[in-house]
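One structure below.
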Amino acid sequence: MKLRALAMVVIAAALTVFASSQTFATTTAKTLPAVDLSATPAGWVPVAFGNAQISVPAAWWVLYNSYPCPTGSPPGEVFVNPPPGAFACPLEIAPGSSTAVSFGPPRSPHSTVLGHPEVINGILVYCYPTGPQSSYLAPSLGVEITVDGPLGQRVLHTLTWSPRSVVLAPGSSPAIPSSWRYVSFAGLRFSVPAKWPVNRTQVTPGLGAICREQGVAFWDTTVTLSTDSRRLLAVLCPRMSPTPQPPENGVQVDSGLRTEPTVTLSLSARCRVLHGLTACPATSPTYSILVLRVNVPGRSKPLFVSIGLAGNGVVARTILDSVRAA
């Protein structure tokens, strides 16, 4: 009975951590999370959700907000942020892949008892002894992972903190390198590496690659500054496999949007103060782009600032801390 009660407390704590970790990582002001870059094997691509990150081979399929039903992708497939609740896969679905991974927030507990913890790259991970085979809970990251297939355990052992957790963790930020330059736009000023190209446009851009899943990752490392006075024309996209989108650094500022970017945002009630500005980070989507709604004094419309999350997150954290009124 004591073990059962303890396990229930751990699960409840995990759900609480997840709810809060969508905005701020669970760390002290003195210790930042650390993205274990060595956890990503050569030829694999990081896939982030919230404060967590795993890595998968570049040829795998990665599907977002989809029920974990087999797609027939032979190399392997990952279902990121699957919808909650019960589901039934169609009977005519294609045969499953060799390895399948489900990666998202903790679902209803498979059991009131958790197995012994395992430490993966410094993170405590608990297995569920009952329920779906090979399901694991990482309370500190607020995620649950289910793996099945020959590469399942190898994917599980790529688990680490995500760059987002580094960017939004409390604590001081690195000093802005002297080689960086300031960019001013729509009453906002921020610093970026000097070699990054700056694209000023009237066209409302997509949030990421136009022909890929929106809100996941930028297409390349650039600074895009949009007045959003013209809509993006319809684009005929070629048929593309949903392979992983490699995380990219970059910044996009939208100054003329009436509501929000081309994805539906859920904004945190816990906003940040950036040198006198109020910035509310999005709690969804939470992949490899951090979106913030920023209120600038003297402007009737908020700005939407999107920052690419790549590598160890230090570049993105430095950019965010540099944001201020022009």
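Laboratory data are not the source of any read-out in this text; all were calculated from the coordinates shown. Given the structure is predicted, the values throughout are model-derived calculations rather than measurements. Glycine also receives a Cβ, built like all others from the backbone with ideal geometry; neighbour counts cover every protein chain displayed.
Relative to the 2.2 N^0.38 Å rule of thumb, the stretch 129-199 has a C-alpha radius of gyration ratio of 1.81.
Near L292, once Lys and Arg are set to +1 and Asp and Glu to -1 for all other residues with Cβ below 14 Å from its Cβ, the sum equals +3. Within a Cβ distance under 15 Å of I307, other residues only, what is the Lys/Arg minus Asp/Glu net charge? Net charge in that neighbourhood comes out at +2.
With both partners inside the chain, how many of the DSSP beta bridges are antiparallel, as a percent to the nearest 5?
Working: 50 of 67 bridges.
Bridges in the chain that DSSP calls antiparallel: roughly 75 percent.
The 3J(HN,Hα) values that the Karplus relation (6.51, -1.76, 1.60; θ = phi - 60°) gives for the stretch 53-62 are, in residue order, 8, 10, 10, 9, x, 5, 8, 5, 8, 10 Hz. Gly and Pro appear as x.
When only Cα pairs below 8 angstrom with a gap of at least 6 residues are kept, the chain shows a relative contact order of 19 percent. A cysteine counts as unpartnered when no other cysteine's C-beta lies under 4.7 Å of its own; in the chain this applies to C127. Counting neighbouring beta carbons within 10 Å and listing from fewest to most, the residues H157, H116, H275 come out as H116, H275, H157. The Cβ shell under 13 Å around L156 holds other residues with a net charge of -2, Lys and Arg each +1, Asp and Glu each -1.
Here, the chain yields an orientationally averaged convex hull projection of 17.9 nm² when only Cα atoms define the hull. Straightening the chain between A59 and A234 buys 60.2 nm, computed as 0.36 nm per residue apart minus the Cα-Cα spacing.
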